Amino acid sequence: MKSPFYIVETFDALKQGNKAALGKAITLIESTKYEDKEMAYALLGKCVPYTGKSIRIGVTGVPGVGKSTFIESFGKYLIEEHGKKVAVLAVDPSSQRSRGSILGDKTRMNELAVMPNAFIRPSASGNSLGGVARSTRETISLCETAGYDVILIETVGVGQSETTVKQLCDFFLLLMLYGAGDELQGIKRGIMEMADCLFINKADQNELLAKSAAKEYSNALHLFPPKENNWYPKVLLGSGLNARGINKVWEQVEEYKKTTEENQHWKANRKAQEQWWFKEYSKHMLIENITRTETWKENKADRIKDIEEEKLTALEAAKALLDSISSSFKK
Ligand SMILES: Nc1nc2c(ncn2[C@@H]2O[C@H](COP(=O)(O)OP(=O)(O)O)[C@@H](O)[C@H]2O)c(=O)[nH]1
Ligand SMILES: [Mg+2]
């Protein structure tokens, strides 16, 4: 049981940018224990006035494209050249199973990890993307309260995760590989359409090929309908490994912020995200609150037996289970 002063103490330490407190606070909001929830909500409530001030950048692309390497260089650049405080978070539910990519990410960000103005947190615990993304969103609030002004969110580019991660960030950066002839394959049209900037990575290996890929992608982007926010994504090329071209990426981020602040889209996007998360949270809370009741647990066990004994079909059993919950509400 945590002391009643826990929230106040943690919050004060957070505001002073204490990394150990930030780490502990994240562990609290990631906890799936019911008794930790109230504390987590209380802490997040205190953070509200201090959140929203950072730039949240999603970095996506297929495994091996060089996201972690890019983030290491980019993070160092932002700290050293722009005096930023940089937090790195990962949204990758698959890493929970192997634990491999957590270690991988850690070792690839060795230099960034030891910088006083950097904070790196690997993927949250949680067995679904929804769970990971929810706690990542709350982690962003905690990082902002601790004074981090650029948040980099690494995510694997495998389709479904992009849609959710898009709801976490202001700017979406897609890292791309190039190869002979198949430039437009391997990455889904929908993901390209969501990107605010494309970065052809590993240009240090074959500059010519990288350049021709950049041209092709650039042509492809022109075929997409113009975005509501009046932003035209650019295709850049460079090397995360050699920190080449990363300054251009930052220029794009700043220009994006300026453009969308002027046309009100920056705020509109954050507001739309707030609505999206409201739906996501309420759906989750509904499920969580109902499935932890005894009525649910008992009835569920009975219905499973009914299916096993071929008394009910799956659909009938599900309906009966829901009916039992509804009638318990009426009592
Ligand atoms: N030549 C070259 N190799 C790179 C570059 N960026 C990353 N790599 C290498 O590509 C591999 C995968 O990088 P990593 O950052 O872990 O990719 P991630 O899976 O997208 O996070 C590693 O062996 C890196 O050293 C780059 O800009 N140039
Ligand atoms: Mg990685």
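The values are calculated or read from the model by the stated rules, or taken from the named source; none is laboratory data. Predicted, not measured: the structure shown is a model, and the values here were computed from it. Methodologically, a virtual Cβ is constructed for each residue, glycine included, from the backbone with ideal geometry; neighbour enumeration extends over all protein chains shown.
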Inset, instruction - Report the residue count in region 217-239 for those that are out of contact with any helix residue (DSSP H, G or I) (no Cβ under 8 Å at 6 or more places or on another chain) and either of a type in the set (Gly, Ala, Ser) or within 16 Å of ligand 1 (Cβ to nearest atom) (or both). - result: 2
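Residues checked against (1) touching a residue at least 12 places away in the same chain (Cβ under 8 Å); (2) of a type in the set (Val, Ile, Thr); (3) closer than 29 Å to Thr32 by Cα:
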residue: Gln252; (1), (2), (3): yes, no, no
residue: Glu262; (1), (2), (3): no, no, no
residue: Lys300; (1), (2), (3): yes, no, yes
residue: Ile304; (1), (2), (3): yes, yes, yes
residue: Thr313; (1), (2), (3): no, yes, no
residue: Ser326; (1), (2), (3): no, no, yes
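Please pick out the residue among Leu78, Leu28 that is at pLDDT below 95 and more than 14 Å from ligand 1 (Cβ to nearest atom).
Values: Leu78 fails: at pLDDT below 95.
It is Leu28.
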Inset, instruction - Read through the list (1) over 22 Å from the mean Cα position of the chain (by Cα); (2) part of a loop (DSSP other than H, G, I, E, B), then give the number of the only condition that Lys258 fails. - result: (2)
Legend entry - Tally of residues being part of a strand (DSSP E or B) and either of a type outside the set (Gly, Ala, Ser) or farther than 22 Å from Ile151 by Cα (or both) across region 223-254: 5
Legend entry - Any helices (runs of 4 or more DSSP H) falling wholly within region 1-100 and containing at least 2 residues that are away from ligand 2 (no atom under 16 Å from the Cβ) and assigned by TED's automatic domain parsing to the domain that holds Ile140: 67-82
Legend entry - Every pair of residues 6+ apart whose Cβ atoms lie under 7 Å, when the first sits in region 148-164 and is of a type in the set (S, T, N, Q) while the second is at pLDDT below 75 and assigned to a loop (DSSP other than H, G, I, E, B): Thr155/Asp92
Legend entry - Any pair with Cβ under 6 angstrom, 6 or more apart, that starts in region 196-213 at a residue that is closer than 27 Å to Asp170 by Cα and assigned to a helix (DSSP H, G or I) and ends at one that is modelled with pLDDT under 95 and away from ligand 1 (no atom under 12 Å from the Cβ): Ala213/Glu183
